[in-house]
Amino acid sequence: MALLSRTDRSLLANWWWTVDRWSLAAITALILCGILLTLAASPAVAGRIGLEPFYFVYRQLSFVAPALIVIFIISLLGPRDVRRLALGVYGVALALMVLTLFVGPEIKGAQRWLTFGPFSLQPSEFVKPALVVLAAAALAESNRSPGFPGMAVAGALYAAVAGILILQPDFGQTLLVTIVCAGLLFLAGVKWQWLAAVGGASVAGGVGAYLFVPHVASRIDRFMSPDRGDTYQVDTALTAFTSGGVSGVGPGEGSVKFVLPDAHTDFIFAVAGEEFGLFACTIVLALFGIIVWRALKAALEERDHFIQLAASGLAVMFGLQAVINIAVSLSLLPAKGMTLPFVSYGGSSMLAVAFTVGMLLALTRQRPVSYRSY
C-alpha cells in the first residue's frame, strides 16, 4: 500500500487512507490465527469421524478469500448504504430463519441450519449484525425526529428475531442479541423505566427457560453443580489450559484435540491454550480488544448519532461473542455452543463475522467533520 499516496483519488487509495488500519490488521491477524488453530485442531477431529485429515482445513481455507472480499466491499459503503444493506440482509435472513423451523435438519435438538448441498448456513448469524444496525437507525431517528416511534420499531425488530431464536431453540444467541439491544437502548438515552422493563423481561425469560426447557436447565445445573451431570468437554478444556501453562506444549503436541468432540469449533481456544500456552491466548484476546477498542474510540469521536450507536453495538456484539466463547472454555459460563469469531471452524460463521466487521469498518472510516449520513 506504499504506492498509494494521499493525493491519489482512486477508490482503493481513498479506502486505504480512511479505513481504520489498526482494526484491519487485527482482523487479518485473527483470520490467520483461525487458520493456524484449525490446522492444529481439526485433523484429529477429521480422523476420528473418518474424514481425510485436512478436510476441515481445506474447507476453512476456501472461505478465507470470500470473507476478505466481503470485508473489503462492505467497508467501502457509506452509512446510508450500510443501513440499506442491513435492511435487505435482515429480511432475507429472518425469512431463512423461519424456513429452518420447517426444513432445517435437527442437530443436537435444535433446528438452526439450512443445507445447500455441501454447504450449511446458519441464518441467525447474519441477522444479528443487521438487527443491530437497524435498531441503531431507528433509535437515532427517534432522537432526531421526536415523533418517530424508534423504540417501538427497534423493539419489533428485536422481538421478531428473539421469537424465532427461542423457537429453534437458540438461547445463547437470544441472550447475546438481548444484551446488545439493551446496550443500544442505554446508549440511546431511553428512560430508566424502559431499561428496567427490558431487564425484568429478560430475567423472566431466563427463569422461564430454566423451568420449562430441559436442556437449558441441565446446562445451568451442571455449571452450578458439576456433579449433577456430564461436564466432560469443559473439564477436558480446563485440563488443556493447565497442561499448556505459559508457553504451551508445542504445535501439534497437544492431546485435547484427540478427545474433545468440538475441539475445532466451540473449544478451539482450549487447543490454543494447550499447544501455544497463555502467551498466545493473551495475544488472541488482545486482537479482539484492539478491534473493540478502536471501534468504540471512533464512535466516541463521531458526531452522527446513528454511527455512534451502530458502531458501538456491532463492536459490543463482536467482543461479547468472543468473551462468551472463551468464558465457556474456562468454565466461567454455562455451555452455549457459540463460536469464537474468525477463529473457530465454520464457513457460515466466518462470512457472517466478515459481514459484521465489514459494516464496522465502513462506519468507522474517517470522514469530513461536516459529514452527515441523513
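Overview of results
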{"read-out": "Selection from segment 105-124 of residues that are touching a Leu at 6+ places or on another chain (Cβ under 7 Å) and at pLDDT 90 or above", "value": "Trp113, Leu114, Leu121, Pro123, Ser124"}
{"read-out": "All positions within segment 61-80 that are of a type outside the set (Gly, Ala, Ser) and without any contact (Cβ under 8 Å) to a residue 12 or more places away in the chain", "value": "Ile69"}
{"read-out": "Where a residue in segment 137-151 is crowded, with 20+ Cβ neighbours inside 10 Å and its partner, wherever it lies, is part of a helix (DSSP H, G or I) and of a type in the set (Lys, Arg), with Cβ under 8 Å and at least six apart", "value": "Ala137/Arg83"}
{"read-out": "Odd one out for Leu99, checked against (1) out of contact with any strand residue (DSSP E or B) (no Cβ under 8 Å at 6 or more places or on another chain); (2) at pLDDT 90 or above; (3) over 28 Å from Ser312 (Cβ atoms); (4) of a type in the set (A, V, I, L, M)", "value": "(1)"}
{"read-out": "So Gly155, is it over 19 Å from the mean Cα position of the chain (by Cα), not in a helix (DSSP H, G or I) and not aliphatic (A, V, I, L, M)", "value": "no"}
{"read-out": "Members of segment 46-74 found to be surrounded by fewer than 19 Cβ atoms within 10 Å (Cβ to Cβ) and polar (S, T, N, Q), listed by number", "value": "Ser62"}
{"read-out": "Selection status of Ser124, of a type in the set (S, T, N, Q), assigned to a helix (DSSP H, G or I), surrounded by 18 or more Cβ atoms within 10 Å (Cβ to Cβ) and in contact with a Phe, Trp or Tyr (Cβ under 9 Å, 6 or more places away or on another chain)", "value": "no"}
{"read-out": "Meets criteria (at negative phi, surrounded by 20 or more Cβ atoms within 10 Å (Cβ to Cβ) and touching a residue at least 60 places away in the same chain (Cβ under 8 Å)) for Leu167", "value": "no"}
{"read-out": "Residue in segment 310-321 that is in contact (Cβ under 8 Å) with a residue 24 or more places away in the chain, in contact with an Asp or Glu (Cβ under 9 Å, 6 or more places away or on another chain) and assigned to a loop (DSSP other than H, G, I, E, B) present", "value": "no"}
{"read-out": "Qualifying residue in segment 286-295 (condition: over 30 Å from Leu167 (Cβ atoms), in contact with a Pro (Cβ under 8 Å, 6 or more places away or on another chain), of a type in the set (D, E, K, R) and modelled with pLDDT of 95 or more)", "value": "no"}
{"read-out": "Any hit, segment 247-261, residues being within 19 Å of Val328 (Cβ to Cβ), assigned to a helix (DSSP H, G or I) and under 25 Å from the mean Cα position of the chain (by Cα)", "value": "yes"}
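The values are calculated or read from the model by the stated rules, or taken from the named source; none is laboratory data. Everything numeric here is computed off the predicted structure, so don't read it as measured data. Here Cβ is always computed from backbone atoms with ideal geometry, including for glycine, and neighbour counts include all displayed protein chains.
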